[in-house]
Ligand code: AP5
């Protein structure tokens, strides 16, 4: 358990397991899990004006404009100022977003404490994403080859229907990987330069990956 605010950024390519590990990390350290992908998908499913603007970018595998994502993040952070800290999953995704995040946290007398980079090969990513199924009701995520639901197409947690994400089509995944390399990967150098980047292998069972993340976080604290 942490005694002061702890703000963690989870970085990695699409399908690296950021969402899976962000949920576990947030639960273990009592932090808020803030996934811009989940927030955007929620806006899309509610048909809000933000969701309508964002949907086309997401379906093409492009980044949603910074201003839209930034507004959503500000609202969410301000609503949660009392949180012990956050696990940022999918934010920042470019250097401008990293600057915005620094500013927002500074207003709360906080900072990015540690950046955990989940390293996974492209082949593993393609295999994972093609097997991913997500629950439309509660957001639980499964994988047909590694973590299948007990009943085909049905969420174990809430009985909702499992679906393939619109942006998990192969050509869109390739576009997301290319956007990641061009726009997001340069952040690794930024955070390495600050001495707060920790690289962790994202390959292996979820428990193993989480234990590596925990070790990286504890090493930072000692
Ligand atoms: P977002 O939802 O953030 O997608 P992403 O970064 O591409 O990441 P994914 O959700 O695909 O994967 P993940 O790393 O979370 O892996 P997961 O845990 O699900 O963003 C979607 C879109 O929204 C973007 O393309 C963009 O358009 C927009 N967007 C979002 N944030 C934005 C921002 N800041 N600025 C602008 N636009 C933004 O795992 C993947 C699969 O692998 C699952 O099936 C899982 O069960 C399985 N799995 C997980 N761990 C393991 C393991 N250890 N072994 C085997 N399988 C595993």
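Starting from the Cα of residue 95, step 7 Å toward the Cβ, then list every residue of region 154-181 with an amide N under 15 Å from that point.
none
What distance in nm separates the two pseudo spin-label positions at residue 152 and residue 185, each 7 Å out from Cα along the beta-carbon direction?
3.9 nm
Quick one: grab the alpha carbon gyration tensor of region 62-115, order the square roots of its eigenvalues as a ≥ b ≥ c, and give me rounded if a/c is under 1.5, else prolate or oblate depending on whether a/b is larger than b/c.
It comes out prolate by the Cα gyration axes.
Mind running the shape call on region 1-159? Use the C-alpha gyration tensor, a ≥ b ≥ c as the square roots of the eigenvalues: rounded below 1.5 for a/c, prolate if a/b tops b/c, oblate otherwise.
prolate
Only counting other Cβ atoms within 10 Å, I'd like 132, 220, 46 sorted with the fewest neighbours first.
Going from least to most buried by this count: 46, 220, 132.
Under the rule of -39500 (n - 2.57) per DSSP H run of 4 or more residues, summed and divided by the residues of the chain, what mean residue ellipticity at 222 nm is obtained, to the nearest 500 deg cm²/dmol?
Value at 222 nm, helices only, nearest 500: -14500 deg cm²/dmol.
Going by C-beta contacts inside 10 Å, put 124, 171 in order with the fewest on the left.
Ascending number of Cβ neighbours within 10 Å: 171, 124.
So how many Å³ per residue does the convex hull of the Cα atoms of region 67-199 work out to?
144 Å³
Please work out the C-alpha center-to-center distance from region 1-76 to region 92-171 and express it in whole Å.
That distance is 9 Å.
Evaluate E = 1/(1 + (r/R0)^6) for residue 76 and residue 163, where r is the Cβ-Cβ distance and R0 equals 22 Å; express this FRET efficiency to the nearest 0.05.
After rounding to 0.05, the efficiency reads 0.35.
Order of 23, 150, 18, 208 from fewest to most other C-beta atoms within 10 Å?
Numbers: 23 19, 150 8, 18 26, 208 12.
Placing the least packed residue first, the sequence is 150, 208, 23, 18.
Only the coordinates and a few stated rules stand behind these numbers; no lab work does. Just so we're clear, the structure is a prediction, and the values are computed from it rather than from any experiment. Positions of Cβ are backbone-derived with ideal geometry, glycine not excepted, and every protein chain shown enters the neighbour counts.
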